[in-house]
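Engineer: Here it is: the structure, laid out below.
The values are calculated or read from the model by the stated rules, or taken from the named source; none is laboratory data. Nothing here was measured: the structure is a model prediction, and the numbers come from that model. Neighbour counts run over all protein chains shown; Cβ positions are idealised from the backbone, glycine included.
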Amino acid sequence: MRTVLPFFKRGMTITLLWLFSMILLPLGLLIATALQLGGTDIWAIVSSERVVASILLSFKMAFFATVVNLVFGFLLAWILVRYDFWGKKLMNALIDLPFALPTAVAGIALASLYAPTGLFGGWLAKIGVQIAYTPFGIAVALIFVSLPFVVRAIQPVLESLDPAYEEAADILGANKRITLTRVIIPALAPAIISGAGMGFARSLGEYGSVIFIAGNVPLVSEIAPLIIMSKLDLYDVRGASVVALLMIGISFLLIFLINAAQWQIGKKMMQVK
Amino acid sequence: MNNSTIRLKTREKANRQKWILITLGFLFFAVILLAPLFTVFYYAFAQGFALFMQAIGNEEALAAIWLTVKVALIVLPINMFIGVVMAWTIAYFNFKGKAFLTALLDLPFSISPVVVGLMFLLLFGLDGLAGKWFIEHGFRIVFAMPSIVIVTLFVTFPLIVKSLIPTMTAQGNSEEQAALILGANTWTLFFTVTLPKIKWALIYGVILSNARAMGEFGAVSVVSGHIRGLTNTIPLYVEISYNEYQFIAAFACASLLAALALLTLGCQTLLGRLQRRKVEKSLHSRTA
């Protein structure tokens, strides 16, 4: 397509300059700084007990949060799309709260709420459960942060899914469970994978909402961004860069896997059609 | 049992199922989202309105609020300019590598805020690539306002571009081409043809990036240096006060940010409704 519109060259120049200086240059510098350390030093940091424990912890808690959000995020998307009830519009608007609320604010609110002196923490203490300042505190924060990713991914697809398919399944003799697992979930699969995946990726790097409630005990409840912070406090810029690079690598790998999975599913759907 | 009672029973069952699901959804929603929100306002006003005002009017708090507003006032116009230029280039023209550029726009969201701060610390720090030059010429970047502005730009610029691109791609550039052939110059073209088309999407993006700009914590925390009264933004002031057990101060300032978040969500909903009405209207006028 040829177009007579002006400002392409200048627009492209500004775009490329901006993206280069804002993204590629800082990223390149991070890689260069990390590589100033030799291979053995880099391996020593990556495989150190604290770093491995923090990454594993983030994975475990993000996985737990994702599973919880898949169940309840699906439920919320379902009632928002299929039912009418009082307060629905308010609920729909507030689902995005974790996107709009600054992470530090969410962090202190969750920490006060689940601390033994707080409302939920007090109830839980009576049955002998402690959430705040334990690894489960991290899971609570990550559930809060990644909920809208799941709901907002499922909602539009569910809206475009015609209830006639479910009726057809019902008439053909499928029970509720079969309708759910064979009709609804396959149609939502790409949306579920991208929503849960993006929420998971975001969870791994989350900082502000986690640090207040986590307790931050090394090897027990310390997340990877906090290791970067403590290395920076010791002026260990290179060590911090290595950990940062490891985190970036993991999140890129995740995004790649999400895209690959979606592509695979898309291919399968094309064959069916 | 005849047919109609069976139908009645299944309808009753469906109805009961509906209310069970709605109740469960509401419970989860209240525990996970509403409870933290109420906690912020509860602790902010727990000791009365006078103490709340005192906490906000405190010199350090006022300095933090003023710094946050200043940063947003610098960041937003730059974001608007870059956002419109990028969206114009990406949405209105076809070129090689378009998908790659669009993918790059997602990068700032997938990098941990702490890592973002570290990257710019490397660039502008004392031994940094650009840092040395700036220090020799008498500019302070890191541990001063410029670095706060830069990391905030990094985490917020894709928001405006990404809200503009879908609208601009969907509406196409035929109106601009027509205006150009009729003799409009570039500026008239932009202000009388393009801007009215993208107005709502632009406002939407600006509101969203304003909320993110005022609330950014992790990245700012790395580069700001936490200098009291000088480089503390509201989120940093909230953190420091909370860690010093000054809960009223922490939650009073946090409640300002929470109010901003609610305002943002309100505007978002309103703009969404306006846009939908506009689309329906244009569809209606086309079919009529």
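Engineer: From the list B:85, B:31, pick out the single residue that is more than 19 Å from residue B:257 (Cβ to Cβ), assigned to a helix (DSSP H, G or I) and in the same structural domain as residue B:258 (by TED's automatic domain parsing). Please lay out each step first, then the result.
Structural biologist: Details: B:31 fails: in the same structural domain as residue B:258 (by TED's automatic domain parsing).
Of the residues listed, the single one that is more than 19 Å from residue B:257 (Cβ to Cβ), assigned to a helix (DSSP H, G or I) and in the same structural domain as residue B:258 (by TED's automatic domain parsing) is B:85.
Engineer: Is one or more of the residues making up the stretch B:5-27 among the aromatic types (Phe, Trp, Tyr) and outside the structural domain of residue B:229 (by TED's automatic domain parsing)?
Structural biologist: Among the residues of the stretch B:5-27, at least one is among the aromatic types (Phe, Trp, Tyr) and outside the structural domain of residue B:229 (by TED's automatic domain parsing), which makes the answer yes.
Engineer: If you check B:152, B:156, B:188, which single one turns out to be surrounded by fewer than 13 Cβ atoms within 10 Å (Cβ to Cβ), modelled with pLDDT of 85 or more and more than 10 Å from chain A (Cβ to nearest Cβ)?
Structural biologist: None of the others qualify; the one that does is B:188.
Engineer: Also, I was wondering about something else. Considering only residues that are under 29 Å from residue A:35 (Cα atoms), more than 7 Å from every other protein chain (Cβ to nearest Cβ), in contact (Cβ under 8 Å) with a residue 40 or more places away in the chain and of a type in the set (Gly, Ala, Ser), which ones fall in the stretch B:86-126?
Structural biologist: Selection gives B:117 alone.
Engineer: Can you list the helices (runs of 4 or more DSSP H) lying wholly within the stretch A:1-99 that have 3 or more residues being over 19 Å from residue B:24 (Cβ atoms)?
Structural biologist: A:8-19, A:25-35, A:39-46, A:49-82
Engineer: Could you tell me which numbered condition residue B:132 fails, if it satisfies all but one of (1) assigned to a loop (DSSP other than H, G, I, E, B); (2) closer than 27 Å to residue A:34 by Cβ; (3) basic (Lys, Arg)?
Structural biologist: Only one criterion in (1) assigned to a loop (DSSP other than H, G, I, E, B); (2) closer than 27 Å to residue A:34 by Cβ; (3) basic (Lys, Arg) is unmet by residue B:132, namely (1).
Results for (1) among the polar types (S, T, N, Q); (2) touching a residue at least 60 places away in the same chain (Cβ under 8 Å), shown as yes or no for each residue.
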{"residue": "B:182", "(1), (2)": "no, no"}
{"residue": "B:197", "(1), (2)": "no, no"}
{"residue": "B:209", "(1), (2)": "yes, yes"}
{"residue": "B:217", "(1), (2)": "no, yes"}
{"residue": "B:232", "(1), (2)": "yes, yes"}
{"residue": "B:261", "(1), (2)": "no, no"}
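Engineer: Kindly establish whether residue B:172 is surrounded by fewer than 19 Cβ atoms within 10 Å (Cβ to Cβ) and within 12 Å of another protein chain (Cβ to nearest Cβ).
Structural biologist: yes
Engineer: Being on the phi < 0 side of the Ramachandran plot, at the interface with another protein chain (Cβ under 8 Å from one of its Cβ atoms) and in contact (Cβ under 8 Å) with a residue 24 or more places away in the chain, is that true of even one residue in the stretch B:54-76?
Structural biologist: no
Engineer: Somewhere in the stretch A:228-240, is a residue more than 9 Å from chain B (Cβ to nearest Cβ), surrounded by 12 or more Cβ atoms within 10 Å (Cβ to Cβ) and assigned to a loop (DSSP other than H, G, I, E, B)?
Structural biologist: At the first step, the residues of the stretch A:228-240 found to be more than 9 Å from chain B (Cβ to nearest Cβ) are A:230-231, A:233-236, A:238-239.
Those left that are additionally surrounded by 12 or more Cβ atoms within 10 Å (Cβ to Cβ): A:230-231, A:236, A:238-239.
Checking the rest, the ones that are also assigned to a loop (DSSP other than H, G, I, E, B) come to A:236.
Within the stretch A:228-240, one or more residues are more than 9 Å from chain B (Cβ to nearest Cβ), surrounded by 12 or more Cβ atoms within 10 Å (Cβ to Cβ) and assigned to a loop (DSSP other than H, G, I, E, B).
Engineer: In addition: If I ask for residues that are surrounded by fewer than 16 Cβ atoms within 10 Å (Cβ to Cβ) and within 14 Å of chain B (Cβ to nearest Cβ), which ones from the stretch A:175-210 would you list?
Structural biologist: The answer is A:175, A:176, A:177, A:180.
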